[in-house]
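Let me begin by presenting the structure, written as structure tokens, before commenting on it.
The values are calculated or read from the model by the stated rules, or taken from the named source; none is laboratory data. Keep in mind it's a predicted model, so treat the numbers as computed, not measured. Here the Cβ positions follow ideal geometry from the backbone for every residue, glycine too, while neighbour counts run over all protein chains shown. Just the protein is used for accessible areas: all its heavy atoms, side chains included, with ligands, DNA and RNA removed. Shrake-Rupley method; radii C 1.70, N 1.55, O 1.52, S 1.80 Å.
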Amino acid sequence: FYYTRENDILAYDRTGETKSRYRWQVRHRWDMGEGTDTFVTMEFNKLSDRNVIKDYFYNEFEELGDTPDNYISFVTQKSDYSAEFLMRKRFDNFYNVVERLPEYKIDIPNYRLLRDLPVYYKANASASYLNNTFDNTTIYPGQKDLNAVRVDAYNQISYAARLFKALSVIPYAG
């Protein structure tokens, strides 16, 4: 947590105005324990205004930009697949953000289908509800949010072969 009461004592045209500026930030990673292969990552940011990171955390501003992320992510990694559930939400109304409410991904790495032949299957799929929220303070006043549902899948079957003991060939369909 960072908080300051800023005044204009060093300004050329002093008005005596003071304003409160703050930044709330919470980050956490939780490994759900042995045998689960699941971990949760969370980050929450709440700012008083759009320039507080630039004014008080300039190195972070240069490295990450001025739009902090707010999300929670559940990731499971097994030998046969990996899966991720992600929710990303905007908490400050002065940023343009594409919210993911939620997004789910699954990835299956090369999986051998036949015991006697080197035939492999690989897949990944994702589905998400996207909500593009606009800055409604200055740049886009009154702009309506844009919503979309996205579903994507990729499947591949391949055959691994070695020719002349030196050349590997992997034809695939997908």
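Tabulated data
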{"read-out": "Carbon/sulfur fraction of accessible area - the chain, other protein chains in place, 1.4 Å, %", "value": "54"}
{"read-out": "Surface/4 of the Cα convex hull for region 49-174, nm²", "value": "12.2"}
{"read-out": "Share of alpha-carbon pairs per 5 Å distance bin for region 41-96, given as whole %", "value": "4, 17, 21, 19, 14, 9, 8, 5, 3, 0"}
{"read-out": "Accessible area in square angstrom per residue, the chain, 1.4 angstrom probe", "value": "71"}
{"read-out": "Whichever lysines have a C-alpha closer than 24 Å to that of residue 19, once near sequence neighbours (fewer than 8 apart) are set aside", "value": "46, 54"}
{"read-out": "Descending semi-axes in Å of region 1-101, equivalent ellipsoid built from Cα gyration tensor", "value": "38, 13, 11"}
{"read-out": "Reach of residue 78 by Cα under 17 Å, taken over aspartates and glutamates that are not fewer than 8 positions away in the same chain", "value": "31, 34, 37, 107"}
{"read-out": "Among 130, 67, 119 - extreme Cα towards positive end, dipole of the chain, charges at beta-carbon", "value": "119"}
{"read-out": "Alpha-carbon Rg/Rh ratio, for region 91-145, with Rh computed the Kirkwood way", "value": "1.41"}
{"read-out": "Proximal aspartates and glutamates to residue 144, defined as alpha-carbon separation beneath 13 angstrom and excluding residues fewer than eight positions away on the same chain", "value": "135"}
{"read-out": "Listed peptides 29-39, 64-74, 115-125 by packing density, highest first (mean Cβ within 10 Å)", "value": "64-74, 115-125, 29-39"}
